[in-house]
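This report concerns only the one structure given below.
The values are calculated or read from the model by the stated rules, or taken from the named source; none is laboratory data. Nothing here was measured: the structure is a model prediction, and the numbers come from that model. Quick reminder, even Gly has a Cβ in these numbers, built from the backbone with ideal geometry, and neighbours come from all protein chains shown.
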Amino acid sequence: MGDYKAPRDLLKDKVILVTGAGDGIGRVAAKTFAAHGATVILLGRTTPKLEVVYDEIEKAGGPQPAIFPMDLSDARSETFEQFAEAVEQEFGRLDGLLHNAGLLGQRTPIANYHFGTWEQVMQVNVNAAFGLTKTLLPLLEKSQAGSIVFTGSGVGLKGRAYWGAYSVSKFATEGLMQVLADELDGVSEVRANSINPGATRTNMRAAAYPAENPNTVTTPKDIMPTYLYLMGDDSRGVSGRQFNAQG
Ligand code: NDP
């Protein structure tokens, strides 16, 4: 779907939540969704970064976004329930949910992996996506065509040495997406898919590949067609699939 051409008003009147919206791919996704007409809910752990994205969207003339600061590493069931209540009160429904926030963790052999880091990566990359999905599903059901998009990775399809919890968390993400899509199949208009962004120029990529020249890496903007396709109505009925944003 890398060559998908989104109509300007593709996401008009849609309410879309983006996690990890303050930086990297999430920041560009939030701005891109707003540029196509969506009211975007910006969720992240660093409020000043979210405020910058908020201002950029307003300046570009997009619909007024909303900011919800949340550190997913210590979010528990009550946090997600309160958040879902707030979204319901403010918007009454949710049309799109992009699970984008992610932690890289350590790049080290399993034998040396720090237990606390392992738990934190699984919490942010998997448990938080489960908690948000579970509590927001009733609001996605209120949409005409709710779309849930998970973020996978190449190392979530084939394990790779030293990628530890990150790799395992991305396998789990694919599993969560597939189980959910199968449950929704035939009984709901809500669809669930995952995107493997591929190598993309962000802080996380730079941390994983410090010797790489960032100018040689695809930008977040370049991979947006797949994100737009999955959030917009052209992907209605498509569910349970894994998309490579650069393939
Ligand atoms: P970045 O590190 O650039 O951005 C990650 C975002 O997630 C940041 O906004 C960060 O917030 C947020 N985040 C991290 N931890 C938490 C937390 N505890 N609570 C709330 N928000 C949090 O990463 P990318 O943009 O590169 O990655 C986005 C997604 O794409 C991730 O799921 C990643 O695994 C995946 N991916 C990326 C690839 C790449 O090459 N870039 C390749 C394959 C997959 P803050 O800014 O405050 O730190």
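Give the residues of segment 102-128 that are out of contact with any helix residue (DSSP H, G or I) (no Cβ under 6 Å at 6 or more places or on another chain), within 16 Å of the ligand (Cβ to nearest atom) and in a loop (DSSP other than H, G, I, E, B), sorted by residue number. Within segment 102-128, just R107 meets the criteria. In the set (1) within 14 Å of the ligand (Cβ to nearest atom); (2) in a loop (DSSP other than H, G, I, E, B); (3) more than 19 Å from L103 (Cβ to Cβ); (4) not β-branched (V, I, T), the condition left unmet by G22 is number (3). Listed by first and then second residue, the pairs with beta-carbon distance under 6 Å, at least 6 apart or on different chains, first residue in segment 148-167 and within 26 Å of L184 (Cβ to Cβ), second modelled with pLDDT of 95 or more and aromatic (F, W, Y), are G156/F171.
Please go through segment 5-19 and pick out each residue that is touching a Pro at 6+ places or on another chain (Cβ under 9 Å) and either under 21 Å from S153 (Cβ atoms) or part of a helix (DSSP H, G or I) (or both). Within segment 5-19, no residue meets the criteria. Entry remark, segment 189-221: residues being touching a residue at least 24 places away in the same chain (Cβ under 8 Å) and assigned to a helix (DSSP H, G or I) number 6 in total. Of the residues screened, I41 is one that is within 16 Å of the ligand (Cβ to nearest atom), over 22 Å from T219 (Cβ atoms), in contact (Cβ under 8 Å) with a residue 24 or more places away in the chain and of a type in the set (A, V, I, L, M). Of all residues in segment 195-233, those satisfying the criterion of being closer than 19 Å to V15 by Cα and either surrounded by fewer than 16 Cβ atoms within 10 Å (Cβ to Cβ) or among the hydroxyl-bearing types (S, T, Y) (or both) are T226, Y227, Y229, D233. Across segment 142-176, the qualifying residues are those that are crowded, with 21+ Cβ neighbours inside 10 Å and part of a loop (DSSP other than H, G, I, E, B), and the one among them that is farthest from the ligand (Cβ to nearest atom) is G146.
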